[in-house]
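One structure is given below, encoded as structure tokens.
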Amino acid sequence: MNSNFDIIIVGGGAAGFFTAINIVEKNPKLKVAILERGKSVLEKVRISGGGRCNVTHACFVPNDLVKFYPRGEKELRGPFHQFCSGDTIEWFERHGIELKIEDDGRMFPVSDSSQTIIDCFLLATQKLGIQVLTGQSVQSIFKAEDYWKVETNHETFACQKLILTTGSNPKIWELLQNMGHTIISAVPSLFTFNIKDARIKDLMGLSAFAKVKFKGSKLEASGPLLITHWGMSGPGILKLSAWGARELFDKNYQFVLEVNWLNDIPFEEALETLKNLKQEHAKKTVAKKSPFEFPNRLWENLVLAAGIDISNALGETKETKWADLSKKQLIALANQLTHGEFQVNGKSTFKEEFVTAGGIDLKEINFKTMESKLHKNLFFAGEIVNIDAITGGFNFQNAWTSGFIVAQTIMEYFL
């Protein structure tokens, strides 16, 4: 059976739906279909942001927004000038969905439910007559003279314009490779670090604002660091994992993590602070209260790691006073605070955020149109290309922006 359409979009996720809706809203006469290999659509939208859907981020300046993308920073500058976070808010408002900004800049629907976004997309596709066909696994893509032929496990489709929004689908990448496109292999991008260390043992759920660094590299990031039962997580760690995705993959996730629990305060300044504390609090117990902005229990463990006794042979609390600290102990403590070294052995996936680095080589895409430079009338949107971001709504913003640009390009063609 042959099914003819003006436009076929392969991939029933965020980018696919957003692209389809924008195309048909601009030109209602077009016959458009979305092909999805799974039984249901928009699954990633459903689970994103813990089921609340982190739609975008409240960063409204394109040149600032691009800095959240380890891969794609340069290429997205132009696209974000065409459709940025403010445009996303306006688009959803126009479709009856109000978004709210949280303290960290992440934006969610006021309903706090991803179902709101899913219902918006499903209602729009129904209203606009966009066909959503599930269980359609693409087996081959063939370019004829003036049309595209797409064969699935069920039928054959033909279209004038083909848009691929399949994320990190290895089968589609393989088909594109056979058509001459270069695929940058996929590696995990957002993940947490597995660490077993006495200094963080039994501190699960505790967090501190810290600077983290991959030892022996220029890679570093700052942000809240969360101690978990398997190691370390939180925005600072996730940022480092995103920027270091390839480097850490090459190391097989075995490396030394340097932690500065005082964030920007260098060793010398920390040592000076400790010397002042020794004078000011001479009679006070060192381990009793953290003099810095992180919890007492962590402070106690760092004091212990610096070789300062906090208990005697009977396990009773030994009240080492500030006045008792030697120069060697002060240096060791300053080191623990600013250059704590933790051995990382492996990674864990961050919740449901299965973001990967990898995809179509960015040099093979025209970012003014999102069209393939190798094949006319073949377009891409979303994570199928080698673009990824840290957590916080940025990956979705890339999907909305690239989908909008494809729709604009196609609208001009069909005028």
(request) For the chain, state the average projected area of the convex hull of the C-alpha atoms over all orientations, rounded to one decimal in nm². (result) 22.8
(request) Calculate the translational D of segment 222-323 in whole µm² s⁻¹ from Stokes-Einstein, where the hydrodynamic radius comes from the Kirkwood formula applied to all Cα pairs, the temperature is 4 °C and the viscosity 1.567 mPa s. (result) 81
(message) Tell me the per residue accessible area of segment 323-384 using a 1.4 Å probe; a whole number in Å² is fine.
(response) 45
(request) Calculate, for segment 145-252, the solvent-accessible area per residue in square angstrom, rolling a 1.4 angstrom probe over the heavy atoms of the protein chains. (result) 46
(request) Measure up 251/289; 39/143; 100/201; 251/328 against 29 Å on the Cα-Cα distance and list the ones that go over. (result) 251/289; 100/201; 251/328
(request) With everything on Cα atoms, drop me the angle between helix 73-82 and the longest principal axis of the chain, reported from 0 to 90° to the nearest 10. (result) 60
(message) Could you order the peptides 34-43, 396-405 from most to least packed, using the average number of other C-beta atoms within 10 Å per residue?
(response) 396-405, 34-43
(message) Step by step: find N for segment 321-388, compute 2.2 N^0.38 Å, then divide the Cα radius of gyration by it. What's the final number?
(response) 2.28
(message) Tell me the volume per residue, in Å³, of the convex hull enclosing the alpha carbons of segment 86-139.
(response) 131
(request) Please work out the ratio of the alpha-carbon Rg of segment 283-415 to 2.2 N^0.38 Å and round it to two decimals. (result) 1.96
(request) Translational diffusion coefficient, Stokes-Einstein: compute it for segment 42-180 using the Kirkwood radius over C-alpha pairs as Rh, at 20 °C and 1.002 mPa s, and state it as an integer in µm² s⁻¹. (result) 121
(request) Mind jotting down the three principal axis lengths of segment 364-411 based on Cα atoms? Whole angstrom, largest first. (result) 33, 22, 13
(request) Using a 1.4 Å probe over the heavy atoms of the protein chains, calculate the carbon and sulfur portion of the accessible area of the chain as a whole percent. (result) 50
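The values are calculated or read from the model by the stated rules, or taken from the named source; none is laboratory data. Computed from a predicted structure; not experimentally measured. Neighbour counts are summed over all protein chains in view; Cβ atoms, including those assigned to glycine, are modelled from backbone coordinates with ideal geometry. All accessible areas refer to the heavy atoms of the entire protein, side chains included, with ligands and DNA or RNA removed. Shrake-Rupley method; radii C 1.70, N 1.55, O 1.52, S 1.80 Å.
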